[in-house]
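See below for the structure under consideration.
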Amino acid sequence: MKICVIGAGAIGGLLAAKLAHAGEEVSVIARGAHLLAIAKNGLTLIEEGDKIVAPVAASDRIADLPQQDLIILGMKAHQVAAVVGDLPAIMGPKTTVLTAQNGIPWWYFFGHGGPHEGVRLQSVDPGGIIADNLPIRHVIGSVVYPAAEIEKPGVIRHIEGNRFSLGELDGSKSERITQVSEAFTKAGFKAPVVTDIRSELWTKLWGNLSFNPISALTHATLEDICRFAPTRALAAEMMREAQTVGEALGIRFRISLEKRIAGAEAVGAHKTSMLQDVESGRAIEADALIGSVIELGRTVGVATPHMDAVYALVKLLGETLTRAKGKLAVTPV
């Protein structure tokens, strides 16, 4: 397949490198020093001590590429609106667009079939820019489990995990999603096709919506949050609110709240992605991870006071860092 990965950062770069190494024809859209390094040296992936240099084409202009079979949106949720207007240049009638963002996706109520079918979520698609520019018939969803990082420009380090759950928005098992699953599997990923992508999204989001903002505000790791009684209790209250919202939308949570918290604690001294963003001066994914759930709560008439309070704090933190063009990290005295 001809595959374009737009946003070849940690996860996008991981996908691009492994898909190219497996023989797919891969192009990446990147910027700055990362783009220059890829164009000069190829995209390097470090994985379990091995190093591969993947043959990928690299550009910062989507329109420079030919028509693609698969487009992977590998950037963060708040960055999607900026690129959707350029996608038609590389899309044909059968091009598939795979979303690979954390949190509640902009397409949540499309292909849903419920009473809220077609409702647009302002928290993740302000003004409906994405929905207006990306025809929903091209879109499939995913739940991203791997952890990776950009070690330096042009170099991606795979930390752990290899599962990408894939799903059509209407739950069907189509020929196109089977083809994507097979390509991912050939590249070394676990890529099951699931019939209820939204329930799986919620299982991952359940922890992210609580632990990510708490860690960003406190600079604590997962085990620290879980072992400090007040923050463990706060995370639990946020998760209870989210569970009530999800269940009002027909979601079944397959594990208990305490088991989900215990799983986070078992990860150990891990910095969440939101804390890493605060320390690096990158924009915070507050809307996709927590603001969207608050909006869903309002849609179904569920109060979310604990989430509201934490969301207000982390949003202000993000705006403060943006205004200052700064970053924030705890350093030894």
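Points to keep in mind about this one:
- Each 10 Å bin, from zero up to the one with the longest distance, holds this percent of the alpha carbon pairs of the stretch 49-104: 19, 47, 26, 7, 0.
- Reference-scaled alpha-carbon Rg (2.2 N^0.38 Å with N residues) for the stretch 260-306: 1.47
- Against the empirical 2.2 N^0.38 Å (N residues), the stretch 2-195 has a Cα radius of gyration ratio of 0.98.
- The residues CYS226, CYS4, when put in order of fewest to most other Cβ atoms within 10 Å, stand as CYS226, CYS4.
- Taking the DSSP bridge list for the chain and keeping only pairs wholly inside it, about 40 percent are antiparallel.
- Inter-site label distance for GLN179 and ALA63 at 7 Å from Cα along Cβ, in nm: 2.7
- For the stretch 198-324, the spread of Cα positions along each principal axis, largest first, Å: 41, 31, 24
- Counted residue by residue at 0.36 nm each, then reduced by the alpha carbon distance between them, the extension gain from LEU257 to LEU36 reaches 75.1 nm.
- With R₀ set to 30 Å, the beta-carbon distance separating GLU25 from ASP50 gives a calculated FRET efficiency near 0.85.
- Fully extending the segment from ASP86 to ARG323 would add 82.5 nm, taking 0.36 nm per residue of separation and subtracting the current Cα-Cα distance.
- Full extension of the chain between LEU316 and LYS2 gives 108.9 nm of extra length, using 0.36 nm per residue less the Cα-Cα distance.
- Oblate is the label for the stretch 138-221, because the ratio a/c of its alpha-carbon gyration tensor axes (a ≥ b ≥ c) is 1.5 or higher and a/b is not greater than b/c.
- Globularity index of the stretch 82-150 is 1.19 (Cα radius of gyration / 2.2 N^0.38 Å, N = number of residues).
- Sorting GLU182, GLU48 by the number of Cβ atoms found within 10 Å of their own Cβ, with the fewest placed first, yields GLU48, GLU182.
- Comparing ILE255, ILE290, ILE71 in a Gaussian network model of the chain, where Cα atoms under 10 Å apart are tied by springs, the biggest mean-square fluctuation is seen for ILE255.
- Sorted by Cβ density within 10 Å, fewest first, the residues LYS204, LYS325: LYS325, LYS204
- Binning all Cα-Cα separations of the chain at 10 Å, short to long from zero, yields these whole-percent fractions: 6, 26, 35, 26, 8, 0.
- Between the beta carbons of TYR145 and GLU265, assuming R0 = 22 Å, the FRET efficiency works out to 0.75 to the nearest 0.05.
Every number here is computed from the coordinates shown, using simple stated rules; none is lab data. A quick note: this is a predicted structure, and the numbers were derived from the prediction, not measured. As a convention, Cβ positions derive from the backbone with ideal geometry for all residues, glycine included, and neighbour counts pool all protein chains shown.
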